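The values are calculated or read from the model by the stated rules, or taken from the named source; none is laboratory data. The structure presented is a predicted model; accordingly, all values stated were derived computationally and were not measured. Counting neighbours? That spans all protein chains shown, and the Cβs are built from the backbone with ideal geometry, glycine included. Heads up: the accessible areas ignore ligands, DNA and RNA and are worked out on the full protein's heavy atoms, side chains in. Shrake-Rupley method; radii C 1.70, N 1.55, O 1.52, S 1.80 Å.
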Amino acid sequence: MTTPGTTLVIGATGTTGSRIVSQLAAGGHLVKAAGRRAGPVSGARSVRFDWADPTTFGEALSGTDRVYLVPPIGSTEPADVMLPFLDQARTAGVRRAVLLSSSAIPAGGPATGRIHEALPGLFGEWAVLRPSWFMQNFTGDHPHARSIRADGTVSTATGEGRVGFVDADDIAAVAVHALTDDRAPNTDLVITGPQALSYDDIAAAVTEVTGRAVTHRRLTYAQMRDRLAAAMPAEFAAMLAGLDRSIAEGSEDRTTDTVHRLTGRPPGTFRAFAERELTVTAQRRPRRGPSGGP
């Protein structure tokens, strides 16, 4: 059995990265936790890394032989910075790369699709994780979570389309196997939860678990694009609204066996996730009076 060397986890404080660092460290693996601000990370060596600052690449790569790649947030052309980094990584001795992409983006497609297409030619050991939409989109600071807290709505342009929502814990577990198993997957892995659910289904589940009425507000593509453009670049907003439109057309209405096949256990359900995560949020939510005010 081959013993993995040091794994560089980019985006180590993010939704998947933080879980991967924790799971790798718990398994006794050597980890470098990379983020824009270097700071203490339990079980890992912290190192500063910023996609916008290539001078941070060298130290991050030094002594590593595998890397977990999270693209720069909000970029529609991540290949411009990621491909030069990957060339540097190969020269520095990295032999396995695992990319976080999306179920909606195939090899050669937009954004991370270009990285996906290039990866097999750069590394002999690789994997592309293509998770469906995260269950964590309904917690924390995500717009869906904020709108649920603000007025009990989730706004999308997905219509009746269904999505195989997946728990980030399961994505991380798949990533750890892709990074550390003796044999690299050398393929792309579409990762979903056990059920394909519409946003109406999600709203109903959140209502039942939290006791607070939540509804799905159906928007047109143009309405969704304009709503998103108020908080991000117009090009990125158009891309995200387009993904909603694709969901409405059935592009994400599927489930896969990836989690069970790689980890040996079934993926978590949305109901279990909601009971674990959303009931705490609901308990902390301030009561509202008849007028809707605090």
> part of a helix (DSSP H, G or I) and either touching a strand residue (DSSP E or B) at 6+ places or on another chain (Cβ under 8 Å) or among the aromatic types (Phe, Trp, Tyr) (or both), is that true of residue 171?
Replying inline: yes
> Taking interchain pairs and intrachain pairs at least six residues apart, which have beta carbon atoms under 7 angstrom, with the first residue in the range 175-186 and touching a residue at least 24 places away in the same chain (Cβ under 8 Å) and the second open to solvent by less than 20 Å² (accessible area, probe 1.4 Å) and basic (Lys, Arg)?
Replying inline: 179/66; 179/96; 184/96
>> Pairs needed: first member in the range 119-135, among the hydroxyl-bearing types (Ser, Thr, Tyr); second member anywhere, open to solvent by 10 Å² or more (accessible area, probe 1.4 Å) and not in a strand (DSSP E or B); C-beta distance under 9 Å; at least 6 residues apart or different chains.
In response: 132/102; 132/104; 132/196; 132/254; 132/255; 132/256
>> Among the residues in the range 262-275, are any surrounded by 19 or more Cβ atoms within 10 Å (Cβ to Cβ), basic (Lys, Arg) and at negative phi?
In response: no
> Can you name every residue in the range 76-95 that is without any contact (Cβ under 8 Å) to a residue 60 or more places away in the chain and open to solvent by 20 Å² or more (accessible area, probe 1.4 Å)?
Replying inline: 77, 80, 81, 83, 84, 87, 88, 90, 91, 92, 93, 95
> Yes or no: residue 159 part of a loop (DSSP other than H, G, I, E, B) and either of a type in the set (Ser, Thr, Tyr) or under 19 Å from the mean Cα position of the chain (by Cα) (or both)?
Replying inline: no
> Does at least one position in the range 281-291 carry a residue that is more than 16 Å from residue 162 (Cα to Cα), in contact with a helix residue (DSSP H, G or I) (Cβ under 7 Å, 6 or more places away or on another chain), among the small types (Gly, Ala, Ser) and modelled with pLDDT under 95?
Replying inline: yes
> Looking at residue 205, is it assigned to a helix (DSSP H, G or I) and either in contact (Cβ under 8 Å) with a residue 60 or more places away in the chain or in contact with a strand residue (DSSP E or B) (Cβ under 9 Å, 6 or more places away or on another chain) (or both)?
Replying inline: yes
>> From the list 279, 210, 215, exactly one residue is crowded, with 20+ Cβ neighbours inside 10 Å and among the hydroxyl-bearing types (Ser, Thr, Tyr). Which is it?
In response: 210
> Looking at 3, 56, which is the one that is out of contact with any helix residue (DSSP H, G or I) (no Cβ under 8 Å at 6 or more places or on another chain) and at pLDDT 95 or above?
Replying inline: 56
>> Just to be sure I understand, how many residues within the range 46-68 are exposed (fewer than 15 other Cβ atoms within 10 Å of the Cβ) and either in a loop (DSSP other than H, G, I, E, B) or touching a residue at least 12 places away in the same chain (Cβ under 8 Å) (or both)?
In response: 7
>> Please determine whether any residue of the range 99-107 is more than 19 Å from residue 48 (Cα to Cα) and outside any loop (DSSP other than H, G, I, E, B).
In response: yes
> If you go through the range 177-202, how many residues are of a type in the set (A, V, I, L, M, F, W, C) and either open to solvent by 20 Å² or more (accessible area, probe 1.4 Å) or within 19 Å of residue 275 (Cβ to Cβ) (or both)?
Replying inline: 3
> From the list 244, 257, 226, 253, which one is open to solvent by 60 Å² or more (accessible area, probe 1.4 Å) and closer than 13 Å to residue 163 by Cβ?
Replying inline: 253
> Is there any pair with a first residue in the range 96-110 that is closer than 15 Å to residue 239 by Cβ and a second that is surrounded by fewer than 21 Cβ atoms within 10 Å (Cβ to Cβ) and small (Gly, Ala, Ser) whose Cβ atoms are under 7 Å apart and which are 6 or more apart or on different chains, and what are they?
Replying inline: 104/246; 104/251; 105/111; 105/113; 106/113
